[in-house]
Amino acid sequence: MTRLLTLAAATLAALLLSAGPARADTADATAAGLGPAEVIERTARRALDVLEERREEFASDEDALFQAIDEILLPVFDVQRSGDLVLGRHARTASADQRRRFAQGLYRSLVRQYAENALDFSPDRLVVRPVRGEIDPRRTRVDSEVRLSDGTRVAIAYMLRETDDGWKVFDVVAEGISYVRNFREQYDAEIRRRGLDDVIASLERQGGIAPAAGDSAG
């Protein structure tokens, strides 16, 4: 399970990497009216090229790697929706500020945790399949298959929803294992044991987020 989740997170990171400032075609990807599968495929193929081009730079400069992920990931990853799904039942009793901080802390901690894995991700072949059936703006699945250099084939699905800002990813499923479901179980136990504020403070530390003035949590 850990290997597959690591691969899923690394794939998501690799999918959304880009060189320097967001390019015009990246910024316009959703505005141009592309469907969810087209958005995934266009971004993935460019991102994998950039990973190869900047691999040495990223290996020696973590900040450049984090910045590259951040610049491209934020516009197409639904941070708040994903965070709320991971919070699960705790989202119903959390304040708006707690939900926001949890989502941001989770996102940034995972970027830092998995960013370097993306450097080891060298797919030999990537296939993004067309969406089957009718596209649902609330939840549409885009299936893909990655073939690694050793011949291993890994099925990775991206769950997206349509927002005012275009299609956004809110979950990644690798070999049937959901990123959201896995972390929901993990953080449910942590929140019940330690409390939500302490978990948020821990995520913010891991993600390099400076504590708010007067915040003494954790």
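Values quoted throughout were computed directly from the atomic coordinates according to the rules given, and no laboratory measurement underlies them. Fair warning: this is a prediction, and the values are worked out from it, not measured in the lab. Positions of Cβ are generated from backbone atoms using ideal geometry, with glycine treated the same way; all protein chains shown enter the neighbour counts.
Listing TYR158, TYR107 from fewest to most neighbouring C-beta atoms within 10 Å gives TYR107, TYR158.
Label separation (ARG192 vs ARG92): 1.5 nm, computed from points 7 Å beyond Cα along the C-beta direction.
One decimal place: the segment ARG147-ARG181 gains 9.8 nm when fully extended, by the rule 0.36 nm per residue minus the C-alpha distance. As a rough guide to protection, the peptides 80-88, 126-134 ranked by mean Cβ packing within 10 Å, highest first, stand as 80-88, 126-134.
One decimal place: the segment GLN206-GLN113 gains 32.6 nm when fully extended, by the rule 0.36 nm per residue minus the C-alpha distance. Among GLU56, GLU145, GLU62, the ranking by other beta carbons within 10 Å of each residue's beta carbon, starting with the fewest, stands as GLU56, GLU62, GLU145.
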